[in-house]
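Novice: Here it is: the structure, laid out below.
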Amino acid sequence: MSAETVESGASAAPRKGVSILFGLTLLGLLLFLWLLLGFATNSFWTPNNISNLLRQGAMTAILAVGQTFVIITAGIDLSVGAVVGFTSVIVAWLLAAGVPLWAAIILTLAFGVLIGAFHAFGIVRMGLPPFIITLATLTSLRGIGLLITNGSTISITNEAFTNFSRADFLGVPSLFWMVIVVAIPAYIFLHLSRFGRYLFAVGSNSEAARLSGVNVHRTIYLAYILSSTCAAFVGLLLASRIGIGNATQAEGWELQAIASSVIGGTSLFGAVGSVHGPLLGAFILATINNGANLLNVNSFWQRIITGALIIVIVYFDQLRRRSAR
Amino acid sequence: MTELQEDRDVRTEGLQVATRHPVPKGEPILELRALQKKYGLVEALKPASLTFLSGEIHAIVGENGAGKSTLIKLLTGVIKRTSGEIFWCGKPVQLGTPQEAIERGINAVHQEVVLCAHLTVAANMFLGDEINRNGLMRKRAMTDAAQRVLDDLGFNLPAGAVLGSLTIGQQQLVATARAAMRGTQFLIFDEPTAYLTRQESAQLFRLIRRLQAEGVTIVYISHRMEEVFELADRVSVLRDGTHVGTRRIGETNEAELIALMINRTIEQIYHKEHFPPGEVIVETRNLSGPGFQDVSLTVRAGEIVGLYGLIGAGRSEFALGLYGRHRPSAGEVYWQGRKVEIASERIAMDLGIALAPESRRDQGLCLNLPIGLNINLPVFNRLTRGLTINGQQERENADRQIRDLKIKTPSRRVLASAMSGGNQQKIVIGKWLSHGAKLFIFDEPTVGVDVGTKAEIYRLFARLLEKGAGIILISSYLPEVYELADRLHVFRRGRLVASHDYRAASHEEVLTQAIGV
């Protein structure tokens, strides 16, 4: 057997080029939707609506970035929606108890860290599948949140906190700035640091990563802690936006986050993903929802369109990958 | 077998009673004429002509990679032949699908049990051929029928038990019983006793003899010479994909068979340079762990220590134990004279141990990631400046290994899965060359690797030795360790059973020690 004859390497497209191409395609799709809605409606390109759209997409985008870290390790985090609701309760509760705002924020984020660490503990030490452990916390956290609030909501009276989500900075909603605040470190972490490489390696082949000296357990802890912390951060933003802590908020957001991530090119089999992909995915979903509202499309159709979009985009992504092999 | 016939009578559908003795005993039942199988350019089975006689027990022996499993897969319709003809009862047949093979009465019992572990013994025995009445399964009838078959065969097994609760050996007996009750005329056993206890083996042999008495033709594949001589009427030897001979069992002996098995036509050049042995790099004293017991050996700078044995003999397990992947349970490791506890892979790497593991696919590479990332995986901590990786160093490091090792790829960004076996092995080696080590463990480094790359890998060994490294070379391919190792240790069933200096023992002697005849 001569090595040259079995080589298909020459036909395999260099990976980075493909990734950029896919990102540009998503960006093109997003711009196309924006142009389309601009022509189809009078109200789309109004400052009010654009701000609204950016606010809508921001929270899903942050969840999707955290979710992507987990999916790259070939895991899944079903709990993020519940974590958002739970942490909104926590921050409202802390503020109601007279804890200063800065301490309330730090403590709430610390809860995110703890929840993520618990997920990783379940996976690494107890050997539970990620799907199961995060499904369990999805249910339990909602229950704990409801116990704390006794089934009702906790109002937030701290105006500095509630004004934040309505504020603009340089004409852009502060919530969208938060996406940038998360995305830049996330990009550095995933694409420029060695820990990002380890996430990919663990997702691709954890045994090979381990035998190459990668601390697989630590990498899994890192991924789940980041996901839950992103979710806790979104919980803060949501509490600020709606002015209450309520454990039943953010129902189904975990699926929005997973959908955004997958539309953004993340592979549920692990080892494929980026930071810009899920961001674009989240805003594509937000645009579809926003546009459907403006066009007075039955909101039930939004769900159907979202489902169809997931199938189409992931199918084309699969085709692309197969031809790249 | 009247019991079996009755069992079939209770069925209302799916009935397939094959007539036994389609050809008279002693006449050819299955004939292979110039049967050949190629995978790409690799010839897994060179044109082989072989005749199986009705009612005989025909043993097939050969080393790992000699083409035995290819032959089984061809006969059971799992893979399609490249060329040649197969005659069944005198007529040419396709044997293109497993269904066709089963319908003709050709069955195989594999070394790894391929049944459903969560179903009961009875359900497994009737799988795909269930007893039905009005479209509903008759569980009780199947359990009773299965129990009668098992009792009749003399297996002390409960038909109602879940298969997974039985030992591997017992599962193997179930698989055999399943094949036996399906009107099988031609039954292939692939190393059936590998996991069996002595008692279970005896039960299996009784069953085989009984099937033979009923006219079933048996093909028996085994490493164990004593079994071949106990059971077989005739024996065929495969070597490097070639059928090198068939002997009547009374007209041959173990020495002749072993000579046939290994007397290969070696065209590869085993590049070997001798260096004066230096200081002791690592010494294990009575090291035991999962899969290996009581292993004591030393590796010096400038020498290759070969570990030879059959697959599952404990060599790879020993390597993983030494590398910190599995915690040794007893014994000591001395690294350059100092006692060490290697509790993790990281500790092993920091000491200076590198491991190119047995399976590139499962242990060696992140296949769906780029070559560059794979090469740099052990050294990202060194490439990191502050928070981020130094991109230029990362690229240079990958490109240097690709260049030095002549990995045939247009770019470091190509996925590792797009590479051939030889180039994949080079990526694994490149990983450890860029990391650097004092002791290199190569586990089966040339499996699935083309001849040219093999020679390159052997020359690389010499370069490593020259720089003062030591090498542990693990191989199931005797000529490789035989020609390269300065000291050769033979493993059998988890233990180090013999040690030889460079070329001090004959091939026959080493193989005999590994097989344990």
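The values are calculated or read from the model by the stated rules, or taken from the named source; none is laboratory data. The shown structure was predicted, so the numbers you read here are calculated from the model rather than taken from an experiment. Methodologically, a virtual Cβ is constructed for each residue, glycine included, from the backbone with ideal geometry; neighbour enumeration extends over all protein chains shown. For the accessible areas, the whole protein counts, side chains as well, though only heavy atoms, and no ligand, DNA or RNA atoms are used. Shrake-Rupley method; radii C 1.70, N 1.55, O 1.52, S 1.80 Å.
Novice: Could you grab me the full set of residues in segment B:436-453 that are more than 7 Å from chain A (Cβ to nearest Cβ) and open to solvent by 20 Å² or more (accessible area, probe 1.4 Å)?
Specialist: Of everything in segment B:436-453, those that are more than 7 Å from chain A (Cβ to nearest Cβ) and open to solvent by 20 Å² or more (accessible area, probe 1.4 Å) turn out to be B:G436, B:A437, B:K438, B:V447, B:G448, B:V451.
Novice: Which of the residues belonging to segment B:85-95 are on the phi > 0 side of the Ramachandran plot and open to solvent by less than 30 Å² (accessible area, probe 1.4 Å)?
Specialist: Result: B:L95, single match.
Novice: Hey, another quick one. Scan segment B:337-357 for residues that are more than 19 Å from B:G436 (Cα to Cα) and open to solvent by less than 40 Å² (accessible area, probe 1.4 Å) and jot them down.
Specialist: Across segment B:337-357, the qualifying residue is only B:V340.
Novice: Here is a follow-up. Conditions: (1) in the same structural domain as B:K406 (by TED's automatic domain parsing); (2) more than 23 Å from B:L405 (Cβ to Cβ). B:G321 meets all but one. Number of the miss?
Specialist: Of everything listed in (1) in the same structural domain as B:K406 (by TED's automatic domain parsing); (2) more than 23 Å from B:L405 (Cβ to Cβ), B:G321 misses just condition (1).
Novice: Quickly run through segment A:37-55 and pick out the residues that are more than 21 Å from A:L279 (Cα to Cα) and in contact with a Leu (Cβ under 6 Å, 6 or more places away or on another chain).
Specialist: Scanning segment A:37-55 gives A:T41, A:S43.
Novice: Which count do you get for residues in segment B:44-78 that are open to solvent by 10 Å² or more (accessible area, probe 1.4 Å), hydrophobic (A, V, I, L, M, F, W, C) and more than 24 Å from B:G309 (Cβ to Cβ)?
Specialist: 2
Novice: Something else about it: Among the strands (runs of 3 or more DSSP E) confined wholly to segment B:180-281, which include 2 or more residues that are of a type in the set (F, W, Y) and either at pLDDT 85 or above or closer than 25 Å to B:E483 by Cβ (or both)?
Specialist: Result: B:186-190.
Novice: Given (1) assigned to a loop (DSSP other than H, G, I, E, B); (2) within 14 Å of chain B (Cβ to nearest Cβ), identify the lone condition not met by A:R166.
Specialist: All conditions pass for A:R166, except number (2).
Novice: Of all the residues that make up segment B:58-80, how many are hydrophobic (A, V, I, L, M, F, W, C) and more than 26 Å from B:E226 (Cα to Cα)?
Specialist: Residues in segment B:58-80 being hydrophobic (A, V, I, L, M, F, W, C) and more than 26 Å from B:E226 (Cα to Cα): 3 in total.
Novice: Please enumerate the residues belonging to segment B:121-143 that are in a helix (DSSP H, G or I) and surrounded by fewer than 16 Cβ atoms within 10 Å (Cβ to Cβ).
Specialist: Of everything in segment B:121-143, those that are in a helix (DSSP H, G or I) and surrounded by fewer than 16 Cβ atoms within 10 Å (Cβ to Cβ) turn out to be B:K139, B:R140.
Novice: Further, regarding this structure: Could you go through segment B:465-481 and let me know if any residue there is assigned to a helix (DSSP H, G or I) and either outside the structural domain of B:G291 (by TED's automatic domain parsing) or more than 23 Å from the chain's Cα centre (by Cα) (or both).
Specialist: Yes, the conditions are met somewhere in segment B:465-481.
Novice: Moving on to the next point. The conditions are (1) in contact (Cβ under 8 Å) with a residue 12 or more places away in the chain; (2) open to solvent by 20 Å² or more (accessible area, probe 1.4 Å), and B:A213 fails exactly one of them. Which is it?
Specialist: (1)
Novice: Of all residues in segment B:299-314, count the ones that are part of a strand (DSSP E or B) and open to solvent by less than 50 Å² (accessible area, probe 1.4 Å).
Specialist: Adding up the residues that qualify gives 6.
Novice: Given the conditions (1) closer than 22 Å to A:L237 by Cα; (2) part of a loop (DSSP other than H, G, I, E, B), which single one is not true for A:G127?
Specialist: (1)
Novice: Further question: In this structure, does B:E283 turn out to be open to solvent by 10 Å² or more (accessible area, probe 1.4 Å), in the same structural domain as B:I347 (by TED's automatic domain parsing) and touching a residue at least 60 places away in the same chain (Cβ under 8 Å)?
Specialist: no
Novice: Suppose we keep only residues that are among the aromatic types (F, W, Y) and under 15 Å from A:C230 (Cβ atoms) within segment A:182-220. Which one would you say is farthest from the other protein chains (Cβ to nearest Cβ)?
Specialist: A:Y187
Novice: Still on this structure: Of all residues in segment B:407-420, which are more than 8 Å from every other protein chain (Cβ to nearest Cβ) and open to solvent by less than 30 Å² (accessible area, probe 1.4 Å)?
Specialist: Scanning segment B:407-420 gives B:I407, B:A416.
Novice: Please name all residue pairs, on different chains or six or more residues apart, with Cβ atoms under 7 Å, provided the first residue is in segment A:228-239 and is in contact (Cβ under 8 Å) with a residue 24 or more places away in the chain and the second residue is acidic (D, E) and part of a helix (DSSP H, G or I).
Specialist: Final answer for the pair search is none.
Novice: Looking only at residues in segment B:356-406 that are part of a strand (DSSP E or B) and not small (G, A, S), which one is farthest from the other protein chains (Cβ to nearest Cβ)?
Specialist: Top of the filtered list is B:R385.
Novice: Report, by residue number, each residue of segment B:332-343 that is touching a helix residue (DSSP H, G or I) at 6+ places or on another chain (Cβ under 9 Å) and either within 9 Å of another protein chain (Cβ to nearest Cβ) or not aliphatic (A, V, I, L, M) (or both).
Specialist: Once the filter is applied, which keeps residues that are touching a helix residue (DSSP H, G or I) at 6+ places or on another chain (Cβ under 9 Å) and either within 9 Å of another protein chain (Cβ to nearest Cβ) or not aliphatic (A, V, I, L, M) (or both), segment B:332-343 yields B:W335, B:Q336, B:E341.
Novice: Same structure again: Can you find even one residue in segment A:237-249 that is at negative phi, assigned to a loop (DSSP other than H, G, I, E, B), away from chain B (no Cβ under 14 Å) and of a type in the set (D, E, K, R)?
Specialist: no
Novice: A further question follows. Within segment B:315-336, restricting attention to residues that are surrounded by fewer than 16 Cβ atoms within 10 Å (Cβ to Cβ) and not in a loop (DSSP other than H, G, I, E, B), which residue is farthest from the chain's Cα centre (by Cα)?
Specialist: B:Y334
Novice: Scanning for something outside any strand (DSSP E or B), under 17 Å from B:V305 (Cβ atoms) and aromatic (F, W, Y), does segment B:484-499 turn up at least one residue?
Specialist: No.
Novice: Can you name the residue in segment B:82-119 that is polar (S, T, N, Q) and touching a residue at least 24 places away in the same chain (Cβ under 8 Å) and is also farthest from B:P28 (Cα to Cα) among such residues?
Specialist: B:Q111
Novice: Can you tell which of A:A64, A:A58 is under 20 Å from A:F169 (Cα atoms), modelled with pLDDT of 90 or more and crowded, with 17+ Cβ neighbours inside 10 Å?
Specialist: Answer to the selection: A:A58.
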